[in-house]
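Notes to accompany the following structure.
The values are calculated or read from the model by the stated rules, or taken from the named source; none is laboratory data. In this text the structure is predicted, and so the values were computed from the model without any measurement. For neighbour counting, all protein chains shown are included, and Cβ atoms are generated from backbone atoms with ideal geometry for every residue, glycine included. Just so you know, the surface numbers come from the protein's heavy atoms only, side chains and all, with ligands and any DNA or RNA stripped out. Shrake-Rupley method; radii C 1.70, N 1.55, O 1.52, S 1.80 Å.
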Amino acid sequence: MAYRWKNTLTRKDATPEAVFLNRRQILAGLGASGLAMAAGQGRAQEALEPNSWEDITSYCNYYEFGTGKSDPSQNAHLLTTSPWSVTIDGLVDRPGDYAFDEILAAMTVEERIYRFRCVEAWSMVVPWNGFELADLLDLAGVQEGAKYVAFETVLRPEEMPGTRFPVLDWPYVEGLRLDEALHPLTMMATGIYGKPIPNQNGAPLRLVVPWKYGFKSIKSVVRITVTDTEPPTSWNKANAREYGFYSNVNPNVDHPRWSQATERQIGGGLFAQRVPTLMFNGYEDEVASLYDGMDLTEFF
Ligand SMILES: Nc1nc2c(c(=O)[nH]1)N[C@H]1C(S)=C(S)[C@@H](COP(=O)(O)O)O[C@H]1N2
Ligand SMILES: [Mo]
């Protein structure tokens, strides 16, 4: 893959060396298993068995369509996803509106099977199709001085019944540090199980950051802004004490109202045992170095 960085800031600057060297393995789908073989044993190293299409597309969080788990699958057909474009602006060389088709034509779509852990302590395994966010940011050309990336979900009250209520401060917004955004695990998903991503899961393209709580993985993205300041994020604005900017999956830092030490695997049945939650959702080998020297209790 050709890198199109024009500025002195390179992907290598933003990506820990070990991760950069292992990029090929991660791309080949060996990341979690291959890397982990060397690191040890346990659930982090298990081959991931994806949840069913039914589980993934019927048990959803997409508050723009209602707060119930089945509201999105019932209401999200109201959303028009074509035509679609993403405004990429801020500290980029080529700001503008990028048509979804134009983006797809420039990207290589691949499958990534990732763990997905909601802050509410349930989890799934999802076979996403998509491309690395880093490749999309390459299209626009990240400028020197960039430190964060902000994301925004489409806001159309006429198509999104949930936004007629002030459940959150609409539009839904999220953000990542630039090095998190450029990490090879961070992707923009356009499909699940090889099919176009259903509206309830964030059509036509949504962020997926597998080592962070699910709410960081913002759906139906219409704007990506590269910036030098930490952007506001929806759940942090709603309750800063409960939801931090980082929101890395961490079994050692509980939510003020519940434990994050274990999780309920969707599809496991009514009597399934909860399983231990893994540090960084099982991606510790790949991402821990992003947070070297940071107190993860303070920066939760
Ligand atoms: N725009 C938007 N993005 C969102 C949400 C939302 O309500 N609105 N919910 C988040 C939460 S809390 C989770 S757990 C995941 C759920 O993704 P899924 O429904 O595809 O499993 O989407 C995240 N992205
Ligand atoms: Mo969530």
Output for Cβ contacts, cut-off 7 Å, separation at least six or different chains, first residue farther than 15 Å from T153 by Cβ in region 57-76, second among the aromatic types (F, W, Y) and open to solvent by 50 Å² or more (accessible area, probe 1.4 Å), reads K69/Y59
**OP:** Go through the residues of region 245-267 one by one and say whether even a single one is under 30 Å from T87 (Cβ atoms), open to solvent by less than 60 Å² (accessible area, probe 1.4 Å), within 14 Å of ligand 1 (Cβ to nearest atom) and charged (D, E, K, R).
**Re:** no
Restricted to region 173-225 and to residues being among the hydroxyl-bearing types (S, T, Y) and open to solvent by less than 10 Å² (accessible area, probe 1.4 Å), the residue farthest from R117 (Cα to Cα) is S220
Looking across region 213-244 at residues that are under 28 Å from D101 (Cα atoms) and among the basic types (K, R), the single one that is nearest to ligand 1 (Cβ to nearest atom) is K219
Tell me yes or no: at least one residue of region 112-121 is away from ligand 2 (no atom under 16 Å from the Cβ) and surrounded by 20 or more Cβ atoms within 10 Å (Cβ to Cβ). yes
Selection from region 71-103 of residues part of a helix (DSSP H, G or I), of a type in the set (A, V, I, L, M, F, W, C) and open to solvent by less than 60 Å² (accessible area, probe 1.4 Å) yields A76, F100, I103
Here the qualifying pairs (Cβ atoms under 7 Å; residues six or more apart or on different chains; first in region 110-121 and part of a strand (DSSP E or B); second near ligand 2 (Cβ under 9 Å from one of its atoms)) come out as F116/G214; R117/Y213; R117/G214
Picking from L270, L207, L168, the residue that is aliphatic (A, V, I, L, M), near ligand 1 (Cβ under 10 Å from one of its atoms) and more than 18 Å from the chain's Cα centre (by Cα) would be L168
**Message:** Quick check on region 241-249. Is at least one of its residues among the aromatic types (F, W, Y), under 21 Å from N61 (Cβ atoms) and in a strand (DSSP E or B)?
**Reply:** no
| query | Is it the case that some residue within region 141-159 is assigned to a helix (DSSP H, G or I), touching a residue at least 60 places away in the same chain (Cβ under 8 Å) and surrounded by 21 or more Cβ atoms within 10 Å (Cβ to Cβ)? | reply | no
Checking K212, K237 in turn, the sole residue that is touching a helix residue (DSSP H, G or I) at 6+ places or on another chain (Cβ under 9 Å) and within 16 Å of ligand 2 (Cβ to nearest atom) turns out to be K212
